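Have a look at the structure below, then the notes.
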Amino acid sequence: MGAAEKLVQWNPTDIKAELIKKYPPKVARKRAKQIMINEALENGTPEITANVRTIPGIITMRGCTYAGCKGVIMGPTRDIVNLVHGPIGCSFYAWLTRRNQTDAGPEGPAGENFMNYCFSTDMQDQDIIFGGEKKLEQAIQEAYDLFHPKSIAVFATCPVGLIGDDIHTISRQMKEKLGDCNVYAFSCEGYKGVSQSAGHHIANNQVFRHIVGENDEPVEGKYKINLLGEYNIGGDGFEIDRIFKKCGITNVSTFSGNSTYEQFATAHQADLNAVMCHRSINYVADMLETKFGIPWIKVNFIGAEATAKSLRKIAAYFEDQELIDTVEAVIAEEMPDVDAAATEILPRTGGKTAMMFVGGSRAHHYKELFDELGMKTISAGYEFGHRDDYEGRRVLPHIKVDADSRNIEEIVVEADETRFSPRKSEEELKALEEGGLKFKDYEGLAPDLEEGTLIIDDLNQYEAEKLVELMKPDIFCAGIKEKFSIQKLGVPMKQLHSYDSGGPYAGFKGAINFYKEIDRLVNSRVWSYMKAPWQENPQLSGTYVWE
Ligand code: SF4
């Protein structure tokens, strides 16, 4: 059965109805608001409900707030000791399972790299009963004595919030006591927000408050940028840095792939912030602009075309012919290999279909790569996106601030008295905008998807299986929790959080890697042999209690 034949069986309205049919009425009403049939009309996209609590009982794809703070934002920082205050179970998924990579840095293997360690206070029952502050203090001291790091970050997990350990006071006291080690804490208890998104916000606030701007030693470079929201999964950041280097662009700091403490501390010296993952890091971009006068633009280095476009945007911002010419020369040098790979692979991937439910920007970024493979994205959504990630930042003033959002601290940032320096005048920014460069703007996922595409927020285990059963995509992309249940349905599944064992997929070389990987997955016959014994001889059956 060809891809086109599969699709004509259903229209999106039927699929939506089918997805929520089994739910009790109240749950169905709630989920219906998180499933949007895309109209892809500018300023006319229907509203989606996002960043709301998962309904209890539903097996969500989301992670907790601590996972977003410790795992996503701080996980890839190589020379900060990331100390988890909590039971050891919370640290399991924080131990490099996201495949963030780092290099040894200028000091080589002798330099500081704590990413391969798992630091935890390993709270026990008695700590929950009598309090864990003493244990935290000892753990900070022990980490300092063993490694003498320049910085220790402390992360609160659920039990810590419940028993009320004052991690901020302990951190402040230890910072004073140690003298040459910046110690600070994150109130990122797992339950703090509706998803890992709250953890990103908490991490951004504290990184900005405790590290950014700490080092005024000048950073050399003609075209200085920060790359925000790039986490060096599978070496993506290495490939982007390779391209920047070729173009003569200085990447002062990546937030936070392959990052160091000093890079964060000098980030205020960049002249432009290039934002990859809008959801996880837009807070830092806004704060850097308000406090230091650095404008930000949205970029995407996932996809060869998207990479070329993003490089051209950066070059346009600096308005320097030398940079514009170098960027064009680099694109011209890199693209023939990409084109050759696409020409070879496209006949085998063209016309196939993909679904993506990942991240808060990733599904959007990877759509570009599937476009390059001639594949159609038939359904997509985010685990922890907000409305602006779907519908664009123009909806920001209309997003209701609910109790869960109010739970996350909003820090007040003002222009720095001595270091605020607008990198471009109002007139310059206006002229650049007239030339097509958009500042502080992101249009979201919806306008980039075809009309009628099903956009689903916080897809869950049940709906994922149902969706695959109904629409039979040629590939499904999400995270580890979904991987095996989807594969058991006979559909290839690619993890776009950790890339399974692959990558990099960013930049020009990454695009070629991705083409090859997807070709291998969607054209393998192995999936058609997936049949569990009970599919042929069903032994168990059941009904829902309300049926
Ligand atoms: S939800 Fe709470 S207990 Fe579970 S991993 Fe997150 S912080 Fe730990």
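Overview of values
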| item | result |
| --- | --- |
| Condition check for residue 155: within 21 Å of residue 255 (Cα to Cα) and in contact with a Lys or Arg (Cβ under 6 Å, 6 or more places away or on another chain) | yes |
| Any pair with Cβ under 7 angstrom, 6 or more apart, that starts in the range 433-449 at a residue that is closer than 18 Å to residue 371 by Cα and ends at one that is open to solvent by 60 Å² or more (accessible area, probe 1.4 Å) | 447/42 |
| Helices (runs of 4 or more DSSP H) enclosed by the range 307-412 - at least 1 residues per element that are open to solvent by less than 50 Å² (accessible area, probe 1.4 Å), under 24 Å from residue 522 (Cα atoms) and not small (Gly, Ala, Ser) | 321-349, 362-372 |
| Boolean, residue 182 is more than 14 Å from the ligand (Cβ to nearest atom), at pLDDT 95 or above and closer than 19 Å to residue 405 by Cβ | no |
| Pairs with Cβ under 7 Å, 6+ apart, first in the range 169-190 and free of Cβ contacts under 8 Å to residues at least 24 places away in the same chain and within 15 Å of residue 261 (Cβ to Cβ), second hydroxyl-bearing (Ser, Thr, Tyr) and within 16 Å of the ligand (Cβ to nearest atom) | none |
| Whichever residue in the range 509-544 is in a loop (DSSP other than H, G, I, E, B) and closer than 30 Å to residue 339 by Cα and, among such residues, is most open to solvent (accessible area, probe 1.4 Å) | 523 |
| Extreme residue, surrounded by the fewest Cβ atoms within 10 Å (Cβ to Cβ), among residues of the range 111-140 that are within 26 Å of residue 233 (Cβ to Cβ) and away from the ligand (no atom under 16 Å from the Cβ) | 116 |
| Pair list, Cβ under 7 Å, 6 or more apart: the range 208-220 residue touching a residue at least 24 places away in the same chain (Cβ under 8 Å) and hydrophobic (A, V, I, L, M, F, W, C), other residue surrounded by 15 or more Cβ atoms within 10 Å (Cβ to Cβ) and part of a loop (DSSP other than H, G, I, E, B) | 219/266 |
| Unmet requirement for residue 506, which otherwise passes all of (1) without any contact (Cβ under 8 Å) to a residue 60 or more places away in the chain; (2) under 20 Å from residue 367 (Cα atoms); (3) buried (at least 17 other Cβ atoms within 10 Å of the Cβ) | (1) |
| Selected residue (only one of 143, 153 is within 16 Å of the ligand (Cβ to nearest atom), under 23 Å from residue 73 (Cβ atoms), in contact (Cβ under 8 Å) with a residue 24 or more places away in the chain and crowded, with 16+ Cβ neighbours inside 10 Å) | 153 |
| Hits in the range 60-87 (condition: part of a helix (DSSP H, G or I) and near the ligand (Cβ under 10 Å from one of its atoms)) | 65, 66, 67, 68, 69, 70, 71 |
| Condition check for residue 415: touching a Ser or Thr at 6+ places or on another chain (Cβ under 7 Å) and more than 22 Å from residue 515 (Cα to Cα) | yes |
| Check on residue 161, within 12 Å of the ligand (Cβ to nearest atom), buried (at least 24 other Cβ atoms within 10 Å of the Cβ) and among the small types (Gly, Ala, Ser) | no |
| Residue check for residue 280: open to solvent by less than 10 Å² (accessible area, probe 1.4 Å), among the polar types (S, T, N, Q), assigned to a helix (DSSP H, G or I) and under 23 Å from residue 202 (Cα atoms) | yes |
| Near pairs, Cβ below 7 angstrom, 6+ apart or cross-chain, from the range 85-98 (within 17 Å of residue 140 (Cβ to Cβ) and open to solvent by less than 60 Å² (accessible area, probe 1.4 Å)) to any residue that is near the ligand (Cβ under 10 Å from one of its atoms) and of a type outside the set (Lys, Arg) | 85/155; 85/156; 85/157; 85/160; 86/157; 86/159; 86/160; 91/84 |
| Whichever residue in the range 231-282 is among the aromatic types (Phe, Trp, Tyr) and in contact (Cβ under 8 Å) with a residue 40 or more places away in the chain and, among such residues, is nearest to residue 504 (Cα to Cα) | 238 |
| Check on residue 254, at pLDDT 95 or above, farther than 17 Å from residue 329 by Cα and surrounded by fewer than 24 Cβ atoms within 10 Å (Cβ to Cβ) | no |
| Some residue of the range 284-298 being open to solvent by 10 Å² or more (accessible area, probe 1.4 Å), in contact (Cβ under 8 Å) with a residue 60 or more places away in the chain and closer than 23 Å to residue 151 by Cβ | yes |
| Enumeration of residues in the range 440-473 that are in a helix (DSSP H, G or I), open to solvent by less than 10 Å² (accessible area, probe 1.4 Å) and not β-branched (Val, Ile, Thr) | 446, 463, 464, 467 |
| Some residue of the range 209-226 being farther than 16 Å from residue 75 by Cβ, away from the ligand (no atom under 16 Å from the Cβ), among the hydroxyl-bearing types (Ser, Thr, Tyr) and open to solvent by 10 Å² or more (accessible area, probe 1.4 Å) | yes |
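The values are calculated or read from the model by the stated rules, or taken from the named source; none is laboratory data. What you see is a predicted model, and the numbers here were worked out from it, not measured in a lab. In this analysis, Cβ positions are derived from the backbone assuming ideal geometry, glycine residues included, and neighbour counts consider all displayed protein chains. Remember, those area values only see protein heavy atoms, side chains included, never the ligands or the DNA or RNA. Shrake-Rupley method; radii C 1.70, N 1.55, O 1.52, S 1.80 Å.
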